[in-house]
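A quick write-up on the structure given underneath.
The values are calculated or read from the model by the stated rules, or taken from the named source; none is laboratory data. This structure is a prediction, so every number in the text was calculated from the model and none was measured. No Cβ is skipped: glycine too gets one built from the backbone with ideal geometry, and neighbour counts run over all protein chains shown.
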Amino acid sequence: MKQFNAKRFNIFFALLAFIFLCGNMINSQNIESSGDMYRAPGETNNTAFEKNSIPSALMQEYQAAKLRRDNDAKERLGREIQKYLPMENTLNNNPGDMPVQQTAVNPPFNPDWYSSDVMVHSGAVAYSGGFRQVDLKQGEDGWMYMAVNKRPTGSVFGSITVYRSSNGGATWATIGGLDWASRYIQSVSMLVENRSNTNFGDSTKIALYYVTSATSNFNDARLESLTMNRNGANWNYNLVSTPAA
């Protein structure tokens, strides 16, 4: 009987292990490079991309304007950039399916319970658990703005009024708002934005975003928006989104 050669056995075992390891590495690289491991049947890799059509020099000018806080230059360059972007699909409202511009009575109203109260809004305010019904903002112009979602009354199902104060809340005036005769309003959120460092009056915009529905349980609700200047001019309504039921 031949004597067992341990040295030859160790060399042979090491050679087999090396061949097995190399084979696994090659298979792993093939699988990772092909991308088949996590791909569904019939699915292909998406390697095509749309090249950005905005000139790089224009983008650099815009970034430089942002760094030096030049809002007028940003607005001008932004309009140029907009020309290179694809047109967005906008939702068209059905004829007559939009709120009406509101004409409200200006404050100040009579104080409620304390002689020095400053009452901004008089009347019922909408309520719905967890949803915002009043939004208060201070604009870059230093003025204060308040949007109030009112409770349905009479023939008006949904109503939002926006007030403003130019003296820190000591006195308030009505800017405007909207009334819905056929839709309820669940919540409201307001933005006050300025597009110029020098012309606050004409460039200060108020943007309201709110949820409406034709039913009080807010089935089939949709998102709408209203924009206007701080003096109520340029009143503009838009239907933002109508999610699938």
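Quick look at the numbers
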| item | result |
| --- | --- |
| Evaluation of Ala233 against (1) under 19 Å from Lys150 (Cα atoms); (2) among the aliphatic types (A, V, I, L, M); (3) free of Cβ contacts under 8 Å to residues at least 40 places away in the same chain (one fails), failing number | (1) |
| Filtered residue count, region 190-214, keeping only those that are among the basic types (Lys, Arg) and part of a strand (DSSP E or B) | 1 |
| Region 191-209, residues that are under 14 Å from Met146 (Cα atoms) and either buried (at least 21 other Cβ atoms within 10 Å of the Cβ) or touching a Cys at 6+ places or on another chain (Cβ under 7 Å) (or both) | Val192, Ile206, Leu208 |
| Of all residues in region 106-130 being among the hydrophobic types (A, V, I, L, M, F, W, C) and surrounded by fewer than 16 Cβ atoms within 10 Å (Cβ to Cβ), the one that is modelled with the highest pLDDT | Val125 |
| Of all residues making up region 162-189, the number that are part of a strand (DSSP E or B) and more than 10 Å from Met144 (Cα to Cα) | 15 |
| Top-ranked residue of region 135-161 - restricted to ones that are among the small types (Gly, Ala, Ser) and part of a strand (DSSP E or B), ranked as farthest from Ala207 (Cα to Cα) | Gly158 |
